[in-house]
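Just so you know, all these numbers are worked out from the coordinates, no wet-lab data involved. From a predicted model like this one, the values you see are computed outputs, not experimental measurements. As a convention, Cβ positions derive from the backbone with ideal geometry for all residues, glycine included, and neighbour counts pool all protein chains shown.
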């Protein structure tokens, strides 16, 4: 049986921390779908197209990674894609409480299971919002983003 | 490639919460090894033999579950059993901080990955220590332990 | 002496979790005033009128429950209504820190006491913001709202 | 209907923080039973007799306060005393998680409700264990204990 | 060697809690620079000019305190001012997690050290946002702001 | 005026994380006293003599570092040594709550100030208890201890 997981977020932008989650998830799942949520009422720094392009390019040699956008609740995105698992990465106790709440809601709504990976310790300070803030002030952010060869 | 996970603890006793973790892990892993840690300096309510027997009986129809005891650090137990993953269950933010610390240590020592399952919401108040306390006061604990058919 | 408590929030909407808090508070207090805060600068999904109507209807057979709106600080609303207690419900450690801070402020400003009820474990994942999110995506939310007979 | 609450702990010793909880509880409940738990396997700094005597003396003019010892689980002590509520005081988020867990267990076992009071901000650093530590080093602890007139 | 620290925030307004941090920092550092961050996209209750004026006046007899505004990332503000330390004040575990994250980012970006002071216990409930809320409702806030002689 | 800080703990053993705290404190204070607490009722893995010797050797070229033992409450040790500051290192939100409580007690008892350094992110998983556990199982712990040249 194919084991499929979705890894969802706004990924604005997709950081080096997100990259390690996908890479680690690939060892456990047969298929990992990176789901880029979009919401017309929210403003993003990077367009949906850019984000799809960047993430797709990063994993272009990984046939088990799929990049999609979605504009529905997470469990519906999971069901449409035949996914049995939602994977999330946690960096702190505060992240954890948010994820626990979301996992309980998602289980209530659909029975779908959420599984947590730990953020790599050396990347635990890296978040998309921090990267956006640095970009806003014209700083270099290469350290925090995946290296595309 | 066989995906093997260890699920470790003292399981004194193994609760209904632990049972759901093993059952959910079975959907994701090819082999789940329940590792009962023992430490000569610690006192247990249930003997190692009882715990091995009870857990083995519970999963006797699950050929993918193995019950073992160990008296070494967790990552060595994982390596001896060819396990690539440590699975843990978290009930609260405080549990989370402990697990994050252990996961970082275990990754440092061996590169092995720890993955978190959420305790089922309806079982989130159940812990082995609570069950032992109830037993000490002569209370009924059937609600908190697996049903053996 | 009549013991009066206020239970305040934006209740946008009033969930099944809020309902149990009022019902449990009724066992302890002589009078429970549900205070719907409104703020002209905030957007609500349900109008103040709808919220007043829904909550009033829910408790129409409970002569000890009163539903009011207010647009002042919480302790002034309490004083205007002769309330001696603010009751709040907490779902997580993060909620708790927020409530502790508010309780300390309210005690400083007026001496009024805040008392915490625990969210019922089975409803601990339910929040108004989660319900609004589900509604925004066209999902069914009956499970999370009080049943009106 | 008489509203009865138990306020339980080992109270080794009963601090000025505990005192304010009882005093505040008296405004809300008709009867407050201070329950001193004892456990033969635990060592206490103050004997059970001393603790009963000190707390009784402190509230000797409060006919609504009763001081008792118990050696059973908390909900049984509540039932034996016709109490409908367990009251607890919380000082920090860490305290909160412990109390939430206990409240869920106690509700599961008996349906009994737990209600939280906040520790007074100015006393939030005071705990029995801190007082014992100071006593062990021969320090003055009058600041932390109730004044008996 | 001169030891210089920056103490940054939006200080909208500068509270009695902020004042004690500066006063305590003065005992440790040779120079304390209060840095008022401003961001054109954010709305403030007090204008930058008012905030600079109020804080400057408060410390006018303290030749070691300097008040400046900045519109760049914190570590750049530190470097421009020859500061070796960022000082921050924490009131709760939730504050702490935010500060730990920021400190790790700032160390990564520049090697600069962040040092935490505890909010004075009696002021731990006071925050700028709470003061702004009280002002919005026309309440007296003198208790929460520094006394200017 | 000489600025003196104490850095206290049982240091059983003194880890690479503790070392960085002392090194960073040396940049801020004129004198850093490493205070090794001992308690006759506690069992240590390393004898007091070993701990004094190891830490002294590590800083033998740092004339501003002093290594002492003490068997009293922390604020008395500070006063006896003319120290104005207690420095502590925090690794997590849970550590933080403990430290906040201790800092409030110590300020109450003596007015002495506690200042927090963040554990270096890359060492945040290292604790003395973890090192003792590894030693108990015969594992190599060189990675976690200071390098003595």
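Numbers for the structure displayed
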{"quantity": "Shape category assigned to segment F:4-142 from the gyration tensor of Cα positions, a/c cut at 1.5", "calculated": "rounded"}
{"quantity": "For C:88, F:132, order by how many other beta-carbon atoms lie within 10 Å, fewest first", "calculated": "F:132, C:88"}
{"quantity": "Beta bridges per DSSP with both ends in the protein assembly as shown, % antiparallel, nearest 5", "calculated": "5 percent"}
{"quantity": "Footprinting exposure proxy for F:80, E:113 (fewest neighbouring C-beta atoms within 10 Å first)", "calculated": "F:80, E:113"}
{"quantity": "For the A-to-D rotation axis, chain A residue with nearest beta carbon and its distance in angstrom", "calculated": "A:93, 5"}
{"quantity": "Rounded to 10°, Cα long-axis angle of helix F:93-110 versus longest principal axis of chain F", "calculated": "40 degrees"}
{"quantity": "Teacher prompt: residue A:137 distances to equivalent labels in other copies, 7 Å Cα→Cβ, nm", "calculated": "3.5, 3.5, 4.1, 4.2, 5.4"}
{"quantity": "Residues C:1, A:130, sorted so that the one with the fewest Cβ neighbours within 10 Å comes first", "calculated": "C:1, A:130"}
{"quantity": "Residue of F:55, F:33, F:105 that the Gaussian network model of chain F assigns the largest fluctuation, springs spanning Cα pairs under 10 Å", "calculated": "F:105"}
{"quantity": "For residues of A:28-40, the mean tally of beta carbons on other chains within 10 Å", "calculated": "1"}
{"quantity": "Antiparallel content of DSSP bridges confined to segment F:4-142, in %, to 5", "calculated": "0 percent"}
{"quantity": "Shortest-first nm distances, residue A:49 label point to equivalent points in other copies (7 Å, Cα→Cβ)", "calculated": "4.5, 4.5, 7.3, 7.7, 8.7"}
{"quantity": "Peptide A:73-80, shielding by other chains (average Cβ, 10 Å cutoff)", "calculated": "1"}
{"quantity": "Inter-copy label distances at residue E:82 (7 Å, Cα→Cβ; nm, one decimal)", "calculated": "2.9, 6.6, 6.7, 6.7, 7.7"}
{"quantity": "Between segment A:28-50 and segment B:6-78, the alpha-carbon center distance in angstrom", "calculated": "39 Å"}
{"quantity": "Label-point separation, residue F:142 to residue B:64 (7 Å along Cα→Cβ), nm", "calculated": "4.1 nm"}
{"quantity": "For the protein assembly as shown, calculated [θ]222 nm from helices alone, where every DSSP H run of n ≥ 4 adds -39500 (n - 2.57)", "calculated": "-11500 deg cm²/dmol"}
{"quantity": "Relative contact order (percent, whole number), chain E, Cα cutoff 8 Å, 6+ residue spacing", "calculated": "31 percent"}
{"quantity": "Segment F:4-78: C-alpha gyration tensor shape, a/c 1.5 cut-off, then a/b vs b/c", "calculated": "oblate"}
{"quantity": "Cα-based helix-to-principal-axis angle, C:48-58 vs chain C, degrees rounded to 10", "calculated": "90 degrees"}
{"quantity": "For the protein assembly as shown: rounded, prolate or oblate by the Cα gyration tensor [a/c cutoff 1.5]", "calculated": "rounded"}
{"quantity": "C-alpha long axis of helix B:16-26 to longest principal axis of chain B, angle in °", "calculated": "30 degrees"}
